[in-house]
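Each remark here refers to the structure printed beneath this line.
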Amino acid sequence: MAFVGHGATALGSVEAERDGSGIHVVTLVGEIDISNADTLGRALDRFVDDANGWVVIDLAGLEFMDSSGIAMLLRAVGHAGSVEIRNASSVVRRIIECTGLTDILRIT
């Protein structure tokens with residue numbers, strides 16, 4: 001797990017595990033903005049690089065994400081090749097949909 005944030009910065013973490021079928025599931029928790037996106041993104045990249053082509057990103061615990069978070073998710077697609085977004089809140093889902101990136105950031 002990578003945990004980032006203190007003081008005036010956003011608090012966020014990245015955790016990874018394999019589900020029962022062996023699929024890499026990366027969980028983003030807290031907030032992602034310009035203050036922590038680079039650090040969280042590097043942690044996400046490490047987890048995604050180990051996924052061998054397909055990763056699920058679970059956003060159930062993500063409370064806030066700005067455009068820095070979108071860039072971080074797009075970079076994950078570049079590393080993994082295929083990314084499935086699960087459990088996005090209505091706010092995060094709307095951010096992804098408004099960017100027109102639902103073909104790349106597939107929300108299930």
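The values are calculated or read from the model by the stated rules, or taken from the named source; none is laboratory data. This is a predicted model, so every value here is computed, not measured. We place every Cβ from the backbone using ideal geometry, glycine too, and count neighbours over all the protein chains shown.
At-a-glance table
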{"item": "Failed condition for residue 100, given (1) on the phi > 0 side of the Ramachandran plot; (2) surrounded by 13 or more Cβ atoms within 10 Å (Cβ to Cβ)", "result": "(2)"}
{"item": "Residues that are within 15 Å of residue 41 (Cβ to Cβ) and in a strand (DSSP E or B), drawn from segment 60-81", "result": "62, 65"}
{"item": "Residue list for segment 64-94, filter: more than 13 Å from the chain's Cα centre (by Cα) and either crowded, with 19+ Cβ neighbours inside 10 Å or of a type in the set (D, E, K, R) (or both)", "result": "94"}
{"item": "Residue in segment 5-27 that is modelled with the lowest pLDDT, counting only those that are within 16 Å of residue 87 (Cβ to Cβ) and loosely packed, with under 13 Cβ neighbours inside 10 Å", "result": "19"}
{"item": "Unmet requirement for residue 40, which otherwise passes all of (1) farther than 17 Å from residue 104 by Cβ; (2) surrounded by 21 or more Cβ atoms within 10 Å (Cβ to Cβ); (3) modelled with pLDDT of 95 or more", "result": "(3)"}
{"item": "Selection count, segment 29-59, where residues are closer than 23 Å to residue 19 by Cβ and part of a loop (DSSP other than H, G, I, E, B)", "result": "4"}
{"item": "Scan of segment 28-54 for residues that are under 19 Å from residue 87 (Cβ atoms) and touching a Leu at 6+ places or on another chain (Cβ under 9 Å), ordered by number", "result": "28, 29, 30, 31, 32, 40, 44"}
{"item": "Condition met for residue 52 (over 10 Å from the mean Cα position of the chain (by Cα), of a type outside the set (Val, Ile, Thr) and modelled with pLDDT of 95 or more)", "result": "no"}
